[in-house]
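Notes follow the structure.
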Amino acid sequence: MKTLQTKSMREEKGFTLVELAIVMIIIGLLIGGILKGQELIANAQVTSTVAQVKGIDAAVSTFRDMYDAIPGDVANAAARIPDCAAAPCVAGGANLGDGRVSVVPDAAQTGEALAFFVQMSKADLLTGIIDSGGNVFGGTLPQAEVGGGYHIGYSDATAADFASAISTAGIRSGHYLVLNGNAAAAITAANSLILTPNEAQRLDTKLDDGNASNGSVRAFGAAGATGCAIAASGIYQEVQQGDECGLYIRIQG
């Protein structure tokens, strides 16, 4: 009886330290691979978003060469742009032909702002736009690779046109793409934030100067150490991991 018990105990072997070490190494490699893969995906999204912004800017320049007008602001669009017979491609209003999209950057997209993207799509200069898709990203408004999508607006440098900006000091007039997370509403820090401060900083650096409060790319969101960026210095608070930021991106000049 004792002999059988001893034999049974000897046969019940656990993992050796070497085997446990090998298992831990494999687990570490798997976790490292997953984290590295996530980092590569995030970097690719930022790079693709930069390419999108530059592509939209280039499409606007080509449209202006073709039609001698800003997209959305063509006074007789139905007679000039293929398959552009009704709204949202045809925009109404008294301001058509004045050389600007008659919606400010912070406003909800209507009229010329909706026609802006649709007209470029009809002219085969922009993809991913469905004119009957409603006021959503992937419908009449383009989706962004990093998430959310783009609004368009024009400002004569009035600070009120950028109500949620970290800073409007020294801001220039012009057309602005607004990278945000709410297609259907006006831009606010409460409903439109789509980027982490790190994503916003990387986009800002690739497109401009990396400063949230300066230059042609301006951040919006809560100002301060627990928000998107510090207003006085323009330093993005990259320790914050949530969606704290959106961006105003000046195009055409």
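Each value in this text was obtained by applying a stated rule to the coordinates, not by laboratory testing. Bear in mind that the values here come from a model prediction, so they are computed numbers and not experimental data. Note that each Cβ is placed from the backbone with ideal geometry, even for glycine, and that neighbours are counted across all protein chains shown.
Summary table
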| quantity | calculated |
| --- | --- |
| Angle between the chain longest axis and helix 17-67 axis [Cα atoms, degrees, rounded to 10] | 10 |
| Helix axis angle, 112-122 relative to the chain longest principal axis, alpha carbon, degrees | 80 |
| Hz values of 3J(HN,Hα) by residue in region 136-153 - Karplus curve (6.51, -1.76, 1.60), Gly and Pro given as x | 9, 6, x, x, 7, 10, x, 7, 9, 4, 7, x, x, x, 10, 9, 10, x |
| Trypsin sites (Lys or Arg not before Pro) within region 129-212, DSSP loop, no more than 14 other Cβ atoms inside 10 Å | ARG172 |
| C-alpha long axis of helix 2-11 to longest principal axis of the chain, angle in ° | 30 |
| Fluctuation leader among PHE162, PHE63, PHE117 - the chain, Gaussian network, Cα springs under 10 angstrom | PHE63 |
| Gaussian network model of the chain, Cα within-10 Å springs - most flexible of ALA190, ALA159, ALA69 | ALA190 |
| Options (i) 57, 48, 29; (ii) 44, 43, 32; (iii) 103, 45, 27 - which one matches Cα extents along the principal axes in Å as calculated here | (iii) |
| Gaussian network model of the chain, springs between alpha carbon atoms under 10 Å - residue of ALA86, ALA123, ALA113 with greatest fluctuation | ALA86 |
| For ASN211, net neighbour charge (Lys/Arg +1, Asp/Glu -1) across residues whose Cβ lies under 15 Å away | +1 |
